[in-house]
Amino acid sequence: MADAPTPYERFIQGILPENPVYRQLLGLCPTLAVTNGLQAAMTMAGAVAFVLFCANIITSLIRDLLKPHLRIVIFTLTIATFVTIADRFLAAYMYQMSKTLGPYIPLIIVNCLIICRCEVCASKQSVVHAGMDAIGQSIGFAIALGSIAAVREILGTGMLFGIRVLPELWPDWVVMVLPPGAFLTLGLLLGAVNWYGMQKQEV
Amino acid sequence: MKPIEPMEPMKSSTLDRIRNNYVVQAWLVLILAICFGGSLAAMQLALGPLIEANKINETLQKVPEMLLGPQKAQKLTKDKQLIIEPVTIEVETNNRKVFYSVFKAKHPNGSPAGWVAKAVGQGYADKIEILVGMDHKLKKITGLFVLDQKETPGLGNKIITSEWRRQFVKKKTSVPLTVTKEGAKAAHEIDSITGATISSRAVCSIINATIKDLRDPLSKRKN
């Protein structure tokens with residue numbers, strides 16, 4: 001393929017031009033569910049990065065053996081394995097965090113971001129491409145989760161990483177750490193990113 | 001005119017038939033499943049004990065709070081920490097043997113502080129694992145804590161909130177608890193969580209079963 005993206009392009013695209021949350025609108029379940037605190041959001045981003053990287057590498061290694069009608073089964077199988085590893089690892093070494101994230105770690109299995117990257121990139125390109133793609137997309141996902149979580153945590157509790165940053169006078173907007181806050185923040189940030197993109201195009 | 005004979009289907013060769021067999025088609029899936037299964041088993045062997053240890057530690061830390069309430073448990077100074085002794089109680093219900101992990105707590109001066117039992121039961125989504133604290137006479141519930149649950153986020157998982165759990169404190173063990181939607185009035189009634197009646201009922205029935213199973217064996221043990 002002459003026009004296939006190079007590893008570097010794959011890496012750069014994942015961060016902003018093809019940001020998983022702000023551009024592709026993928027992986028919104030964890031984006032909405034675990035972004036009420038920066039710490040939980042970053043753990044989730046780390047878990048997704050680990051699963052995405054491993055799944056991409058494995059898929060890329062076996063890409064010539066894949067049969068079209070069985071590929072989704074294989075993607076899911078691979079993803080489920082690494083998610084289970086991540087889940088057990090968190091339960092063993094970060095027990096409290098694993099309880100906070102609860103069912104959302106096992107739910108990474110059905111995160112469409114990972115299956116999309118396996119399908120779009122890893123099942124067609126070399127291991128280097130797949131690895132760079134995974135790293136780029138993971139950074140993009142972490143930026144998206146981090147930005148939403150930072151807004152929600154600061155406005156909702158006046159704290160960042162559990163440390164108070166706003167003065168005590170700040171009336172905590174509790175709605176921001178509740179589910180509606182996730183939708184509000186995501187919508188506004190999504191609008192801001194799109195607006196910024198349009199401004200750039202006009203110039 | 002001779003009728004046209006329908007064409008005989010082409011006989012597929014043995015090799016083709018083997019190639020189209022669904023097991024052969026799925027060879028990669030099967031091999032990957034075995035490899036992944038093996039690696040997961042190995043990981044479980046390595047991390048399983050650590051995860052169990054984490055759970056036991058959490059349980060032990062919760063025991064004083066279950067018996068004395070959160071405020072008093074925090075005020076316990078080092079020399080006044082409760083002495084906790086784990087016990088396994090075997091109970092036979094419905095021709096089935098059930099094992100309960102129970103923690104017997106004593107004050108340092110020897111006076112009994114109470115019992116904390118670990119119980120598991122079916123919730124709405126998956127098993128719910130709870131800790132129930134009871135006073136040493138087994139007359140009242142002194143605390144409730146949810147160790148593990150996978151109930152619906154936003155609805156059923158509210159069973160972990162202290163606001164909901166607080167209702168159970170000081171309930172009598174002699175009458176089984178019931179869940180009500182219309183605001184608890186009687187002493188044995190528990191308010192259900194809006195949108196999560198099944199989860200609320202599940203917790204109550206786990207507690208009821210645990211108390212029913214354990215009251216006799218524990219009161220006998222005391223002497």
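Label sites at B:ALA33 and A:THR6, each approximated as a point 7 angstrom past Cα along Cα to Cβ, lie 4.3 nm apart.
For the range A:58-184, the convex hull drawn through the C-alpha positions has a volume of 129 cubic angstrom per residue. Less than 18 Å apart at the alpha-carbon level, and either on another chain or at least 8 residues along: which aspartates and glutamates does that give for B:LYS170? The reachable aspartates and glutamates, counting only those whose Cα sits under 18 Å from B:LYS170, are B:GLU65, B:ASP135, B:GLU189, B:ASP191. Its Cα centre serving as origin, the protein assembly as shown has a Cβ charge dipole (Lys and Arg +1, Asp and Glu -1) of approximately 1780 debye. Taking each of B:LYS72/B:LYS172; B:LYS72/B:LYS139; B:LYS150/B:LYS181; B:LYS75/B:LYS212; A:LYS124/B:LYS150 in turn, the alpha-carbon distance tops 25 angstrom for B:LYS75/B:LYS212; A:LYS124/B:LYS150.
Modelled this way, with points 7 Å down the Cα-to-C-beta line, the labels at A:VAL73 and B:LEU76 are 5.4 nm from one another. Here each label is just a point 7 Å from Cα along the line to Cβ, and for B:LYS181 and A:MET198 those points are 4.6 nm apart. Once the Cβ-Cβ distance of B:LYS172 and A:LEU61 is raised to the sixth power relative to R0 = 51 Å, the FRET efficiency obtained is 0.20.
Here is the P(r) of the protein assembly as shown: all C-alpha pair distances, binned every 10 Å from 0, give 4, 16, 22, 21, 16, 11, 5, 2, 1, 0, 0, 0 in whole percents.
Relative to one another, the C-alpha centroids of the range B:1-76 and the range A:66-131 are positioned 13 Å apart.
Seen against the Cα atoms of chain B and their longest principal axis, helix B:27-68 is set at about 10 degrees. Screening chain A for DSSP H helices whose Cα atoms reach 27 Å or more along their own axis and whose mean Kyte hydropathy is at least -0.5 gives A:38-61, A:71-93, A:127-157, A:179-202. For the range A:7-202, relative contact order (Cα pairs under 8 Å, six or more residues apart, normalised by length) works out to 35 percent. Between helix B:197-222 and chain B there is an angle of about 60 degrees, using the helix long axis and the longest principal axis of the Cα atoms. Using the Cα coordinates of the range B:60-104, the gyration tensor eigenvalues translate into equivalent-ellipsoid semi-axes of 30, 11, 5 Å, sorted from longest to shortest. Loop sites here are trypsin sites (Lys or Arg not before Pro) outside DSSP states H, G, I, E and B with no more than 10 other Cβ atoms within 10 Å. The longest part of chain B free of them is B:12-184.
At most 10 other Cβ atoms within 10 Å and a DSSP loop assignment: could you name the GluC sites (Glu not before Pro) in the range A:108-203 that fit? Kindly include the intermediate steps, with their values, before the conclusion.
Details: sites: A:GLU119, A:GLU153, A:GLU168, A:GLU202; in loops: A:GLU168.
Answer by residue number: A:GLU168.
Bear in mind that the values in this text are calculations on the coordinates, not laboratory data. Given the structure is predicted, the values throughout are model-derived calculations rather than measurements. Positions of Cβ are backbone-derived with ideal geometry, glycine not excepted, and every protein chain shown enters the neighbour counts.
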